[in-house]
Amino acid sequence: MISLHPVADLLIKSLEYRSYPIPHSPPQAVVVLGGGDIPQAPNLPTSPAGTKRILYGLMLAYQDHLPLIVSGKENESAKATILQISEAFGLPFKESSTPKPLHFTIEGVSQDTFQNAAKSATLAPKSIYLVTSAFHMPRSYRLFRHFGFEVRAAPTDYRGWSQYEPLDILPSMGAMWKSYWAMHEYLGLLSLYLRGIF
């Protein structure tokens, strides 16, 4: 069943389409969670999900004149992707060791979402846009709130479908992967609940 698109989409869309309260304080920085990389790629070496996250983070930071912080172990790939996009579209972003408006800072140590939140707490202001894949946002939102952030959720990289072709009723690896990521996130949410992080 979990290899069927309608089932996989039901699972993943239940994570993606959630509402989050809007904090009273305006965001003072954009925090983007890394989404994997392909280091040998000749251009945009972050993964497709990672590239979407960075692109949306750049859009928000440019729109609101904010610092951009990328949290995750894909530090060199994230830096390359930001610089390539900035150069291609004439954006002013340059690297900085500390957050500054229209600059980017790479936190390249964290290995998972818990560490993303913990390490970002040492770098970012306490009111942020949080950018990650939509299915990953429920868990990320809880963890960043746990570390004292006022979070304005900024999900991207939506994966749930709502329109199907006739062959989509057949099992597929694409649907299996969606189901896998959805179940991974639900187990992660259960882990947070058991640790008292709501």
- Note on the structure: Subset of segment 1-23, residues closer than 28 Å to GLN63 by Cβ, part of a loop (DSSP other than H, G, I, E, B) and touching a residue at least 12 places away in the same chain (Cβ under 8 Å), comes to TYR17, ARG18, TYR20, ILE22, PRO23
- Message: When you scan segment 29-39, do you find a residue that is in contact with a helix residue (DSSP H, G or I) (Cβ under 7 Å, 6 or more places away or on another chain), without any contact (Cβ under 8 Å) to a residue 60 or more places away in the chain and of a type in the set (Val, Ile, Thr), even just one?
- Response: no
- Does PRO42 qualify as being without any contact (Cβ under 8 Å) to a residue 40 or more places away in the chain, over 26 Å from TRP161 (Cα atoms), surrounded by fewer than 15 Cβ atoms within 10 Å (Cβ to Cβ) and not small (Gly, Ala, Ser)? yes
- Task: Would you please name the residue that is farthest from GLU16 (Cα to Cα), looking only at residues in segment 146-198 that are crowded, with 18+ Cβ neighbours inside 10 Å and among the basic types (Lys, Arg)?
- Result: ARG152
- Item | Residue, farthest from the chain's Cα centre (by Cα), within segment 1-22, restricted to residues that are surrounded by 15 or more Cβ atoms within 10 Å (Cβ to Cβ) and closer than 27 Å to LYS119 by Cα | TYR20
- Cβ-Cβ below 7 Å, separation at least six or inter-chain, first residue in segment 87-111 and of a type in the set (D, E, K, R), second in a helix (DSSP H, G or I) and surrounded by 11 or more Cβ atoms within 10 Å (Cβ to Cβ): which pairs? GLU95/LYS79; GLU107/LYS119; GLU107/SER120
- Query: Name the residues in segment 153-179 that are assigned to a helix (DSSP H, G or I) and either at pLDDT 95 or above or in contact with a His (Cβ under 9 Å, 6 or more places away or on another chain) (or both), would you?
  - Reply: ASP168, ILE169, GLY174, ALA175, LYS178
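The values are calculated or read from the model by the stated rules, or taken from the named source; none is laboratory data. Keep in mind that what you see is a predicted model, and the values were worked out from it rather than measured. Reconstructed Cβ throughout: ideal geometry from the backbone, glycine too, with neighbour counts over all protein chains shown.
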